[in-house]
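S.K.: Below you will find the structure I want to go over with you.
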Amino acid sequence: MSRTDFTYVESVSPGSGRRDPRAALASDAAALSLDGEWRFNLAAGLHDTTEGFEAPEFDAANWDTLAVPSMWQMHDLDGDAPYGKPAYTNTYYPFPVDPPRIPDANPTGEYRRTFTLPAEWPATGRTVLRFEGVDSAFAVWVNGVLLGDGKGSRLPTEFDATEHLAAGENTIAVRVHQWSAASYLEDQDMWWLSGIFRPVALVHRPENGIEDVFAHADYDHATGLGTLRVETTAGARVTVPELGIDIAAGETASAPVEPWTAETPRLYDAVVATDAERVNLRIGFRTVTIEDGLLKVNGRRILLRGVNRHEWDPDHGRTLSVETMRRDLEIMKRHNVNAVRTSHYPPDRRFLDLCDEIGVWVVDECDLETHGFVHHEWRDNPSGVPMWRDAYLDRMARMVERDKNHASVIMWSLGNESHTGDNLAAMSEWAKQRDPGRPIHYEGDWDSGYVDVYSRMYADTAETDLIGQKAEGRTKDPALDEHRRNIPFILCEYAHAMGNGPGGLTEYQRLFEQYERCQGGFIWEWIDHGVRRRTEDGREWFAYGGDFDEPLHDGNFVIDGLIFPNREPSPGLVEFKKVIEPVRISVQPGSRTVTVANLRDFADTGDLAFTWTVEDEGRAVAEGELEVRAVAAGESAIVAFPAAVAALAQPDGERWLTVRAVLAKDEPWAEAGHEIAWGQSRLAGVSAPAPSGGTAPVAEGGGYRLGGAAFDALGRLTAIGGLEIEGPRLDLWRAPVDNDLLGWTSQLAPRWKDRNAGLDRLEHKVLDIESTADGLTVSTRVGAGGAEIAMGAVYRWRLEGARLWLTVEVNPEGKWDFPLPRLGVRASVPKALDQVEWFGGGPGEAYADTRAAARVGRFQSTVAGMQTPYVFPQENGSRIDVRWASLTGGGRSLKVFGAPEFAFTARPWTSEQLEAANHTYDLVEGDRVYVNFDAALQGMGSAACGPGVLPQHRLLPEATAFTLGFEVTE
Ligand code: IPT
């Protein structure tokens with residue numbers, strides 16, 4: 001046997017022996033799934049492969065078995081990780097950049113299995129082997145005969161196996177290489193993982209079958225007519241029973257239809273058939289255009305409330321079950337998300353079936369990214385090198401051909417972060433000619449010469465505002481300026497959802513609603529790509545870059561999603577849901593009316609029910625249904641307050657009216673009653689207690705006493721009403737969030753910690769203690785070793801009845817030229833006080849620029865329940881606008897009052913412990929509960945990748961004062 005030919009591995013050719021790309025079709029032709037357990041052997045490189053493993057007679061009985069589909073590095077990571085481990089880099093290639101060569105250390109999986117061709121398998125026609133996705137390059141043998149090789153990890157590949165199949169048992173062998181020339185085209189920001197990771201099947205292709213289908217299903221919004229024309233096998237018939245359509249291939253039929261939109265995903269069952277094969281299609285009639293400088297569907301501008309979705313499963317990598325795909329869409333729809341960019345490769349094809357069915361706009365993105373070349377000033381970037389042209393075109397064709405029948409797919413995207421070049425322009429040109437019905441998207445071409453939308457990532461709100469006005473800077477190439485200035489604008493990535501945040505969503509959304517050119521965008525990104533692990537004692541945690549000892553990695557930059565790796569929504573998603581709510585409810589106490597604005601693009605509000613609740617100090621006192629007529633898309637209605645509201649007696653404290661829009665009936669993605677939007681307003685009562693009066697302290701035991709409050713010799717509170725308490729004292733520190741640690745131009749956290757600031761190591765020096773007729777005043781200076789700057793902090797204690805009041809006066813000394821992480825006081829109490837209740841913003845965490853979803857109410861939780869389990873631990877859990885909060889347990893309760901409000905955090909560890917932790921398992925509860933009562937906190941922004949905190953949400957140091965009241969009850 002001659003030595004194996006491996007030249008394909010480092011060849012730029014997209015493959016050999018493959019069939020032409022075609023649509024993914026639901027056919028009645030015979031098919032045999034080859035998913036399941038395969039024999040598997042992992043070789044260290046080409047030099048180490050098993051000669052002759054593809055031969056039918058090869059004995060693989062002592063090889064391991066491996067599930068197909070799966071990714072080999074995801075196996076038994078808590079055990080002995082037999083097939084290597086995941087590795088994460090963002091933009092850097094993990095191998096020397098020397099295209100098209102790749103390292104000798106090239107893990108290569110050898111897969112083998114036998115299968116029995118069913119006795120009834122048709123004897124005529126062709127039999128095809130279909131791979132939905134193999135990462136990254138592979139060669140295939142049937143019964144020892146080489147069929148060909150392929151690349152393009154997240155694209156389908158078909159080989160004709162007809163001539164080499166035998167009746168009865170057959171052997172299939174596949175060799176898969178982790179690295180290949182194609183790796184240069186697949187530098188997406190994600191884990192490097194390998195294998196046959198999507199399904200494999202043998203499919204029959206009957207003679208005169210339906211080889212391919214291109215269904216053109218347009219909708220004319222002026223006439224309400226849908227028009228169908230299907231390009232397919234000559235002589236095939238196309239029927240849509242519900243519409244009475246029965247036409248031949250190539251013929252056109254029109255009928256009145258309900259159009260498909262993401263809001264109204266109406267599909268019609270159709271059949272395309274010859275006498276040899278029958279294919280079921282689900283057709284959505286819709287027309288996508290760029291008109292008047294706008295992206296329109298069915299004649300109307302649409303607004304994209306989108307997310308970038310990578311395929312991720314914490315246990316299986318990029319191998320996803322259909323249930324997981326559906327789960328993603330359910331979570332999206334429940335959070336008002338209406339669009340997905342399939343960053344940065346075409347998803348499993350079944351995901352697009354679900355998008356059609358459930359209703360989201362899809363920007364289908366090609367499997368292409370050459371980001372690593374940016375570190376070499378884009379030298380040799382494949383996008384501009386002719387030898388790569390075929391590979392680029394091949395990728396585009398395989399995506400477009402596979403996905404062309406999906407109503408949900410409204411744009412083709414050429415790929416991501418591959419700079420610019422002729423090969424990209426060629427992809428665009430090819431796709432426009434093949435499918436004139438869909439605009440082309442690509443971000444890396446800033447001059448937008450070969451795209452139909454102006455797309456950018458992470459542009460800040462100031463620039464977005466200019467673009468909205470068509471007042472942005474000119475293109476580099478002046479010839480392209482007019483084109484770009486007259487096309488719609490989208491942010492294909494914005495608001496980097498890494499850790500706590502993203503902040504500033506409201507400000508972007510305002511621009512999307514203000515300027516019709518700004519048609520929304522896609523949050524970066526949908527899910528944290530954490531790898532699920534367990535500690536030895538069984539606690540779950542999630543791994544990120546570096547956790548597998550990768551020599552080169554980008555740490556937790558892969559943990560930047562709106563949902564946690566286990567698909568629990570993060571506070572960022574809850575915030576996004578509120579900001580993008582498709583119905584805006586405003587309660588106007590002045591006119592005693594409620595305005596319901598329908599911000600959808602197509603559907604009226606007939607699917608929604610409206611409810612109202614009046615709460616006094618957070619307790620419901622009245623509620624009912626609000627009659628709102630169906631409001632058309634883009635319209636609003638004004639409704640008077642329900643009569644029952646006026647009939648209520650004056651409240652004691654604050655009274656709030658909350659109006660909610662909920663689903664009136666079950667939808668495929670949520671049940672009736674699911675909340676879509678809400679609005680609220682205060683109707684009466686402002687509880688802003690303020691200290692007055694006071695008594696003189698009594699000297700006691702070397703310290704002081706004010707009623708039930710005991711202070712030590714340094715004027716520090718030690719107990720209230722017998723409850724031992726440490727603090728409160730000034731606290732400026734927070735465990736830096738990713739947005740504090742990272743930054744394109746500068747980073748805040750290093751500044752906070754540098755020698756001249758040291759906010760994480762402040763010392764408190766008492767300067768003076770003064771007993772007066774109305775209380776105790778303790779003057780301090782708070783500063784760090786080595787630092788010249790300091791804060792003057794004066795604590796004024798007063799007793800009023802059972803309530804101990806504290807006013808803290810803060811005075812910056814020296815040059816404070818950066819915003820503070822937080823400004824407030826920290827205290828600790830015994831761990832037993834672990835039940836939490838508060839009246840204020842909730843239920844979830846909220847910071848200055850992530851507060852849209854916080855409504856005013858009364859909420860209960862526990863100290864443990866107040867924590868947000870960010871995969872990379874950081875500041876979290878602060879509740880905003882709190883009027884009062886109580887900590888209860890062990891028969892006692894500490895209640896803290898704002899004057900009028902404060903931000904409130906309670907945690908079973910300190911900020912310092914939170915900062916020191918790298919993973920959730922590093923956080924261990926102590927015997928105290930640590931509480932922060934803050935006058936304010938710095939916003940979150942999106943500096944981890946993008947703009948920082950907007951000026952109005954920065955916490956700039958200035959002389960200020962804030963007041964808190966404390967009461968302890970048994
Ligand atoms: C941008 C990438 O397109 C995306 O894949 C991801 O890496 C994101 O950054 C950061 O998480 S590119 C960047 C240079 C803005």
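S.K.: Check off (1) hydroxyl-bearing (Ser, Thr, Tyr); (2) in a loop (DSSP other than H, G, I, E, B); (3) in contact with a Ser or Thr (Cβ under 8 Å, 6 or more places away or on another chain) for Tyr704 and give me the number that stays unchecked.
M.R.: All conditions are met except number (2).
S.K.: Given the structure, is Ala173 assigned to a strand (DSSP E or B) and under 21 Å from Val134 (Cβ atoms)? Before the answer, list the steps.
M.R.: Working: assigned to a strand (DSSP E or B): yes; under 21 Å from Val134 (Cβ atoms): yes.
The answer is yes for Ala173.
S.K.: Could you tell me which of the residues Ala917, Ala943 is within 16 Å of the ligand (Cβ to nearest atom), farther than 26 Å from Thr888 by Cβ and either open to solvent by 10 Å² or more (accessible area, probe 1.4 Å) or modelled with pLDDT of 95 or more (or both)?
M.R.: Values: Ala917 fails: within 16 Å of the ligand (Cβ to nearest atom).
Only one candidate passes the filter, namely Ala943.
S.K.: Can you report the number of residues in segment 434-452 which are farther than 15 Å from Val363 by Cβ and open to solvent by less than 10 Å² (accessible area, probe 1.4 Å)?
M.R.: 1
S.K.: Would you pick out the residues in segment 456-482 that are open to solvent by 10 Å² or more (accessible area, probe 1.4 Å), within 16 Å of the ligand (Cβ to nearest atom) and not in a helix (DSSP H, G or I)?
M.R.: Residues satisfying the conditions are Arg456, Met457, Tyr458, Asp460.
S.K.: Report every pair of residues separated by at least 6 positions or lying on different chains whose Cβ atoms are under 6 Å apart, first residue within segment 569-586 and over 14 Å from Ala495 (Cα atoms), second β-branched (Val, Ile, Thr) and surrounded by 24 or more Cβ atoms within 10 Å (Cβ to Cβ).
M.R.: So the pair list comes out as Ile585/Val596; Ile585/Val659.
S.K.: Still on this model: For residues that are under 19 Å from Asp189 (Cα atoms), open to solvent by less than 10 Å² (accessible area, probe 1.4 Å) and among the acidic types (Asp, Glu), tally how many sit in segment 305-331.
M.R.: 1
S.K.: May I pose another question? In the list Ala236, Ala249, Ala255, which residue meets the criterion of being open to solvent by less than 40 Å² (accessible area, probe 1.4 Å), at pLDDT 95 or above, among the small types (Gly, Ala, Ser) and in contact with a Lys or Arg (Cβ under 9 Å, 6 or more places away or on another chain)? Outline the logic, then answer.
M.R.: Working: Ala236 fails: in contact with a Lys or Arg (Cβ under 9 Å, 6 or more places away or on another chain); Ala255 fails: in contact with a Lys or Arg (Cβ under 9 Å, 6 or more places away or on another chain).
Checking each option against the conditions leaves just Ala249.
S.K.: Turning to a different aspect of this structure: Considering segment 715-738 alone, what residues qualify as being open to solvent by 60 Å² or more (accessible area, probe 1.4 Å) and within 17 Å of Arg798 (Cα to Cα)?
M.R.: Arg716, Arg729 - these are the residues of segment 715-738 that are open to solvent by 60 Å² or more (accessible area, probe 1.4 Å) and within 17 Å of Arg798 (Cα to Cα).
S.K.: What are the residues in segment 181-197 that are more than 16 Å from the ligand (Cβ to nearest atom) and in a strand (DSSP E or B), if any?
M.R.: Gly195, Ile196
S.K.: Residues Arg855, Arg879: which one is open to solvent by 30 Å² or more (accessible area, probe 1.4 Å), at pLDDT 95 or above and on the phi < 0 side of the Ramachandran plot? Show your work before the answer.
M.R.: Working: Arg879 fails: open to solvent by 30 Å² or more (accessible area, probe 1.4 Å).
Checking each option against the conditions leaves just Arg855.
S.K.: Still on this structure, I have one more. Considering every residue within segment 149-159, establish whether at least one is assigned to a strand (DSSP E or B), crowded, with 17+ Cβ neighbours inside 10 Å, more than 16 Å from the ligand (Cβ to nearest atom) and among the acidic types (Asp, Glu).
M.R.: Step one: of segment 149-159, the residues assigned to a strand (DSSP E or B) are 149-151, 157-159.
Add one more test, that the residue is crowded, with 17+ Cβ neighbours inside 10 Å, and what stays is 149-151, 157-159.
Within this subset, residues satisfying the condition of being more than 16 Å from the ligand (Cβ to nearest atom) are 149-151, 157-159.
Cutting the leftovers down to among the acidic types (Asp, Glu) gives us 149, 158.
Scanning segment 149-159 turns up at least one residue that is assigned to a strand (DSSP E or B), crowded, with 17+ Cβ neighbours inside 10 Å, more than 16 Å from the ligand (Cβ to nearest atom) and among the acidic types (Asp, Glu).
S.K.: Moving on. Hey, Arg798 hits all of (1) open to solvent by less than 40 Å² (accessible area, probe 1.4 Å); (2) touching a Leu at 6+ places or on another chain (Cβ under 8 Å) but one; which does it fall short on?
M.R.: That leaves (1) as the condition not met.
S.K.: A follow-up question, please. Quick one: in segment 59-99, which of the residues that are within 16 Å of the ligand (Cβ to nearest atom) and in a loop (DSSP other than H, G, I, E, B) is surrounded by the fewest Cβ atoms within 10 Å (Cβ to Cβ)?
M.R.: Checking each candidate, the answer is Tyr92.
S.K.: Check Ala273 against each of (1) open to solvent by 10 Å² or more (accessible area, probe 1.4 Å); (2) within 14 Å of the chain's Cα centre (by Cα) and name the one condition it does not meet.
M.R.: Here Ala273 meets the rest and fails (2).
S.K.: Mind telling me which of the residues Gly939, Gly965 ends up being under 30 Å from Pro691 (Cβ atoms) and assigned to a loop (DSSP other than H, G, I, E, B)?
M.R.: Numbers: Gly965 fails: assigned to a loop (DSSP other than H, G, I, E, B).
Step by step, each of Gly939, Gly965 is checked, and only Gly939 is under 30 Å from Pro691 (Cβ atoms) and assigned to a loop (DSSP other than H, G, I, E, B).
S.K.: Given the residues Gly618, Gly606, which is the only one that is over 17 Å from Ala661 (Cβ atoms) and in contact (Cβ under 8 Å) with a residue 24 or more places away in the chain?
M.R.: Details: Gly606 fails: over 17 Å from Ala661 (Cβ atoms).
That would be Gly618, the only listed residue that is over 17 Å from Ala661 (Cβ atoms) and in contact (Cβ under 8 Å) with a residue 24 or more places away in the chain.
S.K.: Could you say which residue among Gly561, Gly545, Gly499, Gly538 is under 30 Å from Asp922 (Cα atoms), surrounded by fewer than 24 Cβ atoms within 10 Å (Cβ to Cβ) and within 13 Å of the ligand (Cβ to nearest atom)?
M.R.: Working: Gly561 fails: surrounded by fewer than 24 Cβ atoms within 10 Å (Cβ to Cβ); Gly499 fails: surrounded by fewer than 24 Cβ atoms within 10 Å (Cβ to Cβ); Gly538 fails: within 13 Å of the ligand (Cβ to nearest atom).
Just one listed residue meets the conditions, Gly545.
Okay, residues lined up against (1) of a type outside the set (Lys, Arg); (2) open to solvent by 10 Å² or more (accessible area, probe 1.4 Å); (3) touching a residue at least 12 places away in the same chain (Cβ under 8 Å); (4) within 16 Å of the ligand (Cβ to nearest atom):
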| residue | (1), (2), (3), (4) |
| --- | --- |
| Ile172 | yes, no, yes, no |
| Arg175 | no, no, yes, no |
| Trp179 | yes, yes, yes, no |
| Thr232 | yes, yes, yes, no |
| Pro259 | yes, yes, yes, no |
| Glu263 | yes, yes, yes, no |
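S.K.: Sticking with this structure for a sec: With the condition kept exactly as written, say whether any residue in segment 367-384 is buried (at least 18 other Cβ atoms within 10 Å of the Cβ), within 16 Å of the ligand (Cβ to nearest atom) and among the aliphatic types (A, V, I, L, M).
M.R.: There is at least one residue in segment 367-384 that is buried (at least 18 other Cβ atoms within 10 Å of the Cβ), within 16 Å of the ligand (Cβ to nearest atom) and among the aliphatic types (A, V, I, L, M).
S.K.: Filter segment 1-34 down to residues that are in a helix (DSSP H, G or I) and in contact with a helix residue (DSSP H, G or I) (Cβ under 8 Å, 6 or more places away or on another chain) and give me whichever is surrounded by the most Cβ atoms within 10 Å (Cβ to Cβ). Show your work before the answer.
M.R.: As a first pass, look at segment 1-34 and keep what is in a helix (DSSP H, G or I): 7-10.
Within this subset, residues satisfying the condition of being in contact with a helix residue (DSSP H, G or I) (Cβ under 8 Å, 6 or more places away or on another chain) are 9-10.
Working: Val9: 25, Glu10: 18.
The residue in question is Val9.
S.K.: When you go through Asn598, Asn556 one by one, which is the residue that is away from the ligand (no atom under 16 Å from the Cβ), of a type outside the set (Phe, Trp, Tyr) and at pLDDT 95 or above?
M.R.: On the way: Asn556 fails: away from the ligand (no atom under 16 Å from the Cβ).
Result of the check over Asn598, Asn556: Asn598.
S.K.: Picking from Asp218, Asp212, which residue would you name as being open to solvent by less than 70 Å² (accessible area, probe 1.4 Å) and in contact (Cβ under 8 Å) with a residue 60 or more places away in the chain? So that I can check it myself, show each step before the final result.
M.R.: On the way: Asp218 fails: open to solvent by less than 70 Å² (accessible area, probe 1.4 Å).
Just one listed residue meets the conditions, Asp212.
S.K.: If I go through segment 861-888 residue by residue, how many of them are of a type in the set (Gly, Ala, Ser) and either in contact with a Leu (Cβ under 6 Å, 6 or more places away or on another chain) or part of a loop (DSSP other than H, G, I, E, B) (or both)?
M.R.: 2
S.K.: Can you name the residue in segment 35-56 that is part of a helix (DSSP H, G or I) and under 13 Å from Asp5 (Cα atoms) and, of all such residues, is least open to solvent (accessible area, probe 1.4 Å)? Give the derivation first.
M.R.: Here is the first cut: in segment 35-56, the ones part of a helix (DSSP H, G or I) are 46-48.
Add one more test, that the residue is under 13 Å from Asp5 (Cα atoms), and what stays is 46-47.
On the way: Leu46: 45, His47: 133 Å².
Across segment 35-56, the extreme among qualifying residues is Leu46.
S.K.: Of all residues in segment 564-595 being more than 16 Å from the ligand (Cβ to nearest atom) and of a type in the set (Ser, Thr, Tyr), which is farthest from the chain's Cα centre (by Cα)?
M.R.: Checking each candidate, the answer is Ser591.
S.K.: Out of Val340, Val362, Val279, I need the residue that is surrounded by 21 or more Cβ atoms within 10 Å (Cβ to Cβ), part of a strand (DSSP E or B), touching a residue at least 12 places away in the same chain (Cβ under 8 Å) and within 16 Å of the ligand (Cβ to nearest atom). Which one?
M.R.: Numbers: Val362 fails: within 16 Å of the ligand (Cβ to nearest atom); Val279 fails: within 16 Å of the ligand (Cβ to nearest atom).
Result of the check over Val340, Val362, Val279: Val340.
S.K.: Could I ask something else about it? Check segment 121-131 and report whether any residue there is open to solvent by 20 Å² or more (accessible area, probe 1.4 Å), in a loop (DSSP other than H, G, I, E, B), at pLDDT 95 or above and among the hydroxyl-bearing types (Ser, Thr, Tyr).
M.R.: Yes, segment 121-131 contains at least one residue that is open to solvent by 20 Å² or more (accessible area, probe 1.4 Å), in a loop (DSSP other than H, G, I, E, B), at pLDDT 95 or above and among the hydroxyl-bearing types (Ser, Thr, Tyr).
The values are calculated or read from the model by the stated rules, or taken from the named source; none is laboratory data. Values in this document were obtained by computation on a predicted structure and should not be read as measured data. Neighbour counts are summed over all protein chains in view; Cβ atoms, including those assigned to glycine, are modelled from backbone coordinates with ideal geometry. To get the accessible areas, we keep the full protein, side chains included, count just its heavy atoms, and leave off ligands, DNA and RNA. Shrake-Rupley method; radii C 1.70, N 1.55, O 1.52, S 1.80 Å.
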